[in-house]
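Undergrad: The structure's right below; bear with me while I get my questions together.
The values are calculated or read from the model by the stated rules, or taken from the named source; none is laboratory data. Everything numeric here is computed off the predicted structure, so don't read it as measured data. Here the Cβ positions follow ideal geometry from the backbone for every residue, glycine too, while neighbour counts run over all protein chains shown. Heads up: the accessible areas ignore ligands, DNA and RNA and are worked out on the full protein's heavy atoms, side chains in. Shrake-Rupley method; radii C 1.70, N 1.55, O 1.52, S 1.80 Å.
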Amino acid sequence: MTSSDLKRAKREVRKRVLAMRDATDPAARDRAAARVTQRVLALPEVVSATTAFAFWSFGSELPMLPLIEALVERGVLVGLPVVVGSEMSARAWRPGDPTNEAAFGAREPAGGEPIDPRSIDVILTPAVAVDRAGRRVGYGGGYYDRFLPLTREDAVRLAVVLPEQLVDEELPAGSFDLRVDAIVTPDKVLRVAREAARRRP
């Protein structure tokens, strides 16, 4: 698959899955967020985590604030993305801390201490779509594909998504696209074999 073919295929996936996600009732998304929060908090890797990297949800994404609040209440240090140019870094954030408007309508910490990527135990990864082998299609910026190699090999990557974002077909992926270790929906936790998740497409 050529680079232009790959981009075209990903655009088609984004258009199709985002249309389904946008059609989800907001109240249903809130209920889904509560169930996803319970499932994530019960994962052994999360129970033992001291530092987590989350994201600020926007638009029709699964609401992340309930999970962030629960992690902070447990004493977990939570970081959110800060994007400067083409690079993404992690900064500490707690509910109530000031934020600035970021791309796509998301928010990012206005301050907060920088977090060393190597200290992160759990990475909550956004996705437009994810397949059962852990391949993900994001929004096209490549920020996570550049950030994830900076984290530890044993840091667990979790895609937290609504049911319609978990697709049965194999998603288009290039050599630079990194997979997740598990997918968490309101109804299930689907784990990907670690060797598969760490293998390039």
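Undergrad: When you scan segment 120-133, how many residues do you find that are within 21 Å of PHE58 (Cα to Cα), touching a strand residue (DSSP E or B) at 6+ places or on another chain (Cβ under 7 Å) and not hydrophobic (A, V, I, L, M, F, W, C)?
TA: The total comes to 1.
Undergrad: Could you grab me the full set of residues in segment 82-101 that are touching a residue at least 40 places away in the same chain (Cβ under 8 Å) and open to solvent by 70 Å² or more (accessible area, probe 1.4 Å)?
TA: Within segment 82-101, just GLU87 meets the criteria.
Undergrad: On to the next question. Is it fair to say ALA127 is crowded, with 19+ Cβ neighbours inside 10 Å, out of contact with any Ser or Thr (no Cβ under 7 Å at 6 or more places or on another chain), modelled with pLDDT under 95 and closer than 28 Å to PRO44 by Cα?
TA: Numbers: crowded, with 19+ Cβ neighbours inside 10 Å: yes; out of contact with any Ser or Thr (no Cβ under 7 Å at 6 or more places or on another chain): yes; modelled with pLDDT under 95: yes; closer than 28 Å to PRO44 by Cα: yes.
Answer is yes for this residue.
Undergrad: Look at GLY96 and say whether it is touching a Gly at 6+ places or on another chain (Cβ under 7 Å), farther than 22 Å from ARG146 by Cα, modelled with pLDDT under 95 and not hydrophobic (A, V, I, L, M, F, W, C).
TA: Here the answer is no, as GLY96 does not meet what is asked.
Undergrad: Here's a follow-up. Is there a residue being under 19 Å from ILE183 (Cα atoms) and of a type in the set (A, V, I, L, M, F, W, C) anywhere in segment 71-82?
TA: Yes.
Undergrad: Which residues, taken from segment 1-34, are acidic (Asp, Glu) and either under 17 Å from THR185 (Cβ atoms) or more than 21 Å from the chain's Cα centre (by Cα) (or both)?
TA: ASP5, ASP25, ASP30, listed by residue number.
Undergrad: Considering segment 113-132 alone, what residues qualify as being in contact with a Gly (Cβ under 9 Å, 6 or more places away or on another chain), among the β-branched types (Val, Ile, Thr) and in a strand (DSSP E or B)?
TA: Passing the criteria: ILE115, THR125.
Every residue, every condition in (1) touching a Pro at 6+ places or on another chain (Cβ under 6 Å); (2) buried (at least 18 other Cβ atoms within 10 Å of the Cβ), yes or no:
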site	(1), (2)
GLY134	no, yes
GLY142	no, no
ASP145	no, no
THR151	yes, yes
ALA155	no, yes
ALA159	no, yes
GLU164	no, no
GLY174	no, no
LEU178	no, yes
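Undergrad: Does segment 108-119 contain at least one residue that is open to solvent by less than 40 Å² (accessible area, probe 1.4 Å), in contact with a strand residue (DSSP E or B) (Cβ under 8 Å, 6 or more places away or on another chain) and closer than 27 Å to ARG16 by Cβ?
TA: Among the residues of segment 108-119, not one is open to solvent by less than 40 Å² (accessible area, probe 1.4 Å), in contact with a strand residue (DSSP E or B) (Cβ under 8 Å, 6 or more places away or on another chain) and closer than 27 Å to ARG16 by Cβ, which makes the answer no.
Undergrad: Further, regarding this structure: Considering only segment 182-201, state which residues are open to solvent by less than 20 Å² (accessible area, probe 1.4 Å) and modelled with pLDDT of 95 or more.
TA: ALA182, ILE183, VAL184, THR185, PRO186 - these are the residues of segment 182-201 that are open to solvent by less than 20 Å² (accessible area, probe 1.4 Å) and modelled with pLDDT of 95 or more.
Undergrad: Which numbered condition trips up PRO149, out of (1) touching a strand residue (DSSP E or B) at 6+ places or on another chain (Cβ under 8 Å); (2) more than 17 Å from MET64 (Cβ to Cβ)?
TA: Among (1) touching a strand residue (DSSP E or B) at 6+ places or on another chain (Cβ under 8 Å); (2) more than 17 Å from MET64 (Cβ to Cβ), PRO149 violates only (1).
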